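Below: the structure, in structure tokens.
The values are calculated or read from the model by the stated rules, or taken from the named source; none is laboratory data. The structure presented is a predicted model; accordingly, all values stated were derived computationally and were not measured. Note that each Cβ is placed from the backbone with ideal geometry, even for glycine, and that neighbours are counted across all protein chains shown. Note: areas computed on protein heavy atoms with side chains; ligands, DNA, RNA excluded. Shrake-Rupley method; radii C 1.70, N 1.55, O 1.52, S 1.80 Å.
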Amino acid sequence: KTLKINLNNPIVIFTLHSIPIEEQKFHVNIKNCLKALKKIAKNNINIIITNPNSDRGGDKILNKIKRIKKFKNIKFFNSLGRYYYHGIFSLVKKKKIPVVCVGNSSSGIKETAIFGCPVVNIGKRQNGRLRSDNIIDVDYNYLKIYKSVMKCIYDKNFKKKCLKSKNVYGGGDTAKKIVNFLENLKLKREKILIKKFI
């Protein structure tokens, strides 16, 4: 109700941050992303667009986003905040509503697997990070972005794979595991108190 979103339709959360070394390609890249989003919106899919971060070039992305043709099912937010952001991801398991995280935010890589939420990761910003099984990597080709989002929403086998996906970054209990490890670590006092020279 707060976000005024129709929960009878799938939801796409889109966030695209700038990559300063790709500044010359900003206009083409964002144009292809927005072209894909418009095509997705025509399928009665809710689209939530959140602002890019403040890295150099973010203002150019924001200007392009603000000029997108108005669709009743495309909504813009500066930020959803953790409560609503994670709340939308939780709809995948709680309400069986298809939700897809799209863009190049690290949250797509690090947080979504916990919720069984599929991700379409665009471009190279997250290169080198470990990935769970819920992620599809694509370049800035609007048709690839569109087809990947449709797969995340309608491909039953991929959706099942995402629901079973384990988060390679843990399940939110890392602090407990560290404390437990340290409490049960057997160390001889004299070995750790005597200074060693290597």
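Pairs meeting the criteria (first residue in the stretch 108-137 and modelled with pLDDT of 95 or more, second residue of a type in the set (Lys, Arg), beta carbons under 6 Å, at least 6 apart or on different chains) are 109/129; 116/93; 133/161.
Annotation note: Cβ proximity below 9 Å between a residue of the stretch 11-28 that is open to solvent by 30 Å² or more (accessible area, probe 1.4 Å) and a residue that is of a type in the set (Asp, Glu) (sequence gap 6+ or interchain) occurs for 20/55. With respect to the conditions (1) closer than 30 Å to residue 58 by Cα; (2) in contact with a strand residue (DSSP E or B) (Cβ under 7 Å, 6 or more places away or on another chain), residue 97 falls short on a single one, namely (1).
Screening residue 91 with (1) at pLDDT 95 or above; (2) under 23 Å from residue 53 (Cα atoms) gives one miss only, at (2).
Each row is one residue, and each column tells you yes or no for (1) touching a Gly at 6+ places or on another chain (Cβ under 7 Å); (2) open to solvent by 10 Å² or more (accessible area, probe 1.4 Å).
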site	(1), (2)
117	no, no
131	no, yes
139	yes, yes
148	no, yes
160	no, yes
167	no, yes
170	no, yes
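Residue selection: residue 34 satisfies the criterion of being out of contact with any helix residue (DSSP H, G or I) (no Cβ under 6 Å at 6 or more places or on another chain), open to solvent by less than 40 Å² (accessible area, probe 1.4 Å) and of a type in the set (A, V, I, L, M).
Output the residue which, of all residues in the stretch 148-198 that are hydrophobic (A, V, I, L, M, F, W, C) and under 30 Å from residue 122 (Cα atoms), is modelled with the lowest pLDDT.
168
Answer with yes or no whether residue 53 is of a type outside the set (Lys, Arg) and over 24 Å from residue 162 (Cβ atoms). The answer is yes for residue 53.
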